[in-house]
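One structure is given below, encoded as structure tokens.
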Amino acid sequence: MYYTYSDYLKNKYHEKVYKLPVNLPVTCPNRLNGACGCDFCAEQGTGFEALNPQLSVTEQLTLTREKIEKKYHAHKFIAYFQNYTNTFLPIDRFEKYMREGASFPDVVEISISTRPDCIRSDYLEILEKIRSEFQVEITLELGLQTVNYHTLRNIHRGHTLAEFIDAMWMIRDYHFDTCAHVILNLPGDDLIDVIESAKILSALQVSTVKLHSLYIAKNTRLCEAYENGTITLCSKEDYITRAITFLEYLNPEIAVERLFSRIPENDAVFCNWGTSWWKLKDELLSTMQKADSYQGKMYHYLHGAALRSLDGSDNL
């Protein structure tokens, strides 16, 4: 019903590949000068299960690999620089960390989580050299969150849609893979924003997407608004409708890495309507099956779609 990330990796590497998260001693430009970041971002960022950033890249990869290898008998790995904004570093330090990750045994890819406003050609040149030298693939994960630039401003995201488009165009010149993070139920967004997000990501030809159901971490601006009753969240059923609609409008060649957020219960005041993510996933897939829904069902809007009416090929 949808193109899973596990299938994407199998097609790419011909076997199961596992991510090894790395937590660098880095912050976010949205936290400078006393700012506290995006409304939804906790003090520790998103790396709730990451290791201590004071450990070296090699130490973190070694510790995590031992667990993954023992549990899954894995042979290929992705060094996943997960937390905060990993290109928000002086370029020499950035290169050092990336080289350390790329040189780790059996790493076939380095994946770098960052922001659209922290992509620049000299950093991409470094990654191009590392790809060539170590024969590893490169993926850049960009936190878009929503295409609604009004919502981006309201949640103090610190960038607009334009910066995301600009970053995608720069990355395309290097033929790196890309992943876009999208939150489908931010306060103020509706189903139109969900559809437009799928359309824009399809038009920009991202490689993969991560869908997030909005969680509310403790000690955030969003937490304060939630507890004060100044924001309302959509229902579980509404979110499932949004996720299915997003998938239907998404290019079927774009892999989907995640459908719901995951966060330790102790760190949040709200997450997934008190339901485990895998139960929500089962409900979503069951709903899709009953409705004969699938990824790309509504993917007919690009490449001069209106012209199809002239030759009779568009029956919509």
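The values are calculated or read from the model by the stated rules, or taken from the named source; none is laboratory data. Here the structure is a predicted model, which is why all the values come from computation and not from measurement. No Cβ is skipped: glycine too gets one built from the backbone with ideal geometry, and neighbour counts run over all protein chains shown. What goes into the accessible areas is simple: the full protein's heavy atoms, side chains included, and nothing from ligands, DNA or RNA. Shrake-Rupley method; radii C 1.70, N 1.55, O 1.52, S 1.80 Å.
Sequence-distant contacts, meaning Cα pairs under 8 Å at least 6 residues apart, place the relative contact order of the chain at 18 percent. Using a ≥ b ≥ c from the Cα gyration tensor of the range 84-134 (square roots of the eigenvalues), is it rounded, prolate or oblate, where a/c under 1.5 gives rounded and otherwise the larger of a/b and b/c decides, a/b for prolate? In terms of gyration-tensor shape, prolate.
For the set 172, 120, 31, the ranking by accessible area, highest first and with no ligand, DNA or RNA atoms included, is 120, 172, 31 under a 1.4 Å probe. Could you state the number of Å between the C-alpha centres of the range 58-133 and the range 146-186? When both Cα centres are located, 21 Å separates them. Using heavy atoms of the protein chains and a probe of 1.4 Å, the accessible area assigned to residue 159 is about 10 Å². Per residue, the accessible area of the chain comes to 48 Å² when a 1.4 Å probe rolls over the protein heavy atoms.
The charge dipole of the chain, taken about the Cα centre with unit charges on the Cβ atoms of Lys, Arg (+1) and Asp, Glu (-1), comes to about 480 debye, rounded to the nearest 20. Result for the chain in a Gaussian network model with C-alpha springs under 10 Å: among 225, 268, 305, the largest mean-square fluctuation is at 305. Per-residue SASA remark: residue 275, around 40 Å² accessible (1.4 Å probe; ligands, DNA and RNA not included).
Cα-based values for the range 199-316, radius of gyration first and Dmax second, are 17.7, 58 Å. Rolling a 1.4 Å probe across all protein chains gives residue 169 an accessible area of roughly 130 Å².
Ignoring ligands, DNA and RNA, please state the percent of accessible area on the range 145-294 from carbon and sulfur, probe 1.4 Å. Can you show the working numbers first?
Working: 3270 of 6850 Å².
Using a 1.4 Å probe with all protein chains present, the range 145-294 comes out at 48 percent carbon and sulfur.
Taken over the range 1-132, the alpha-carbon convex hull comes to 143 cubic angstrom per residue.
Between Rg and the Kirkwood Rh of the range 99-172, both from Cα atoms, what is the Rg to Rh ratio? Don't skip to the end; give the middle numbers.
Values: Rg = 14.5 Å, Rh = 13.5 Å.
Here the Rg-to-Rh quotient is 1.07.
Once the Kirkwood radius over Cα pairs is known for the range 5-299, the Stokes-Einstein relation at 37 °C and 0.692 mPa s delivers a diffusion coefficient of 166 µm²/s.
Less than 5 angstrom separates the built amide H of residue 258 from those of 211, all sequence-distant by 5 or more or on a different chain.
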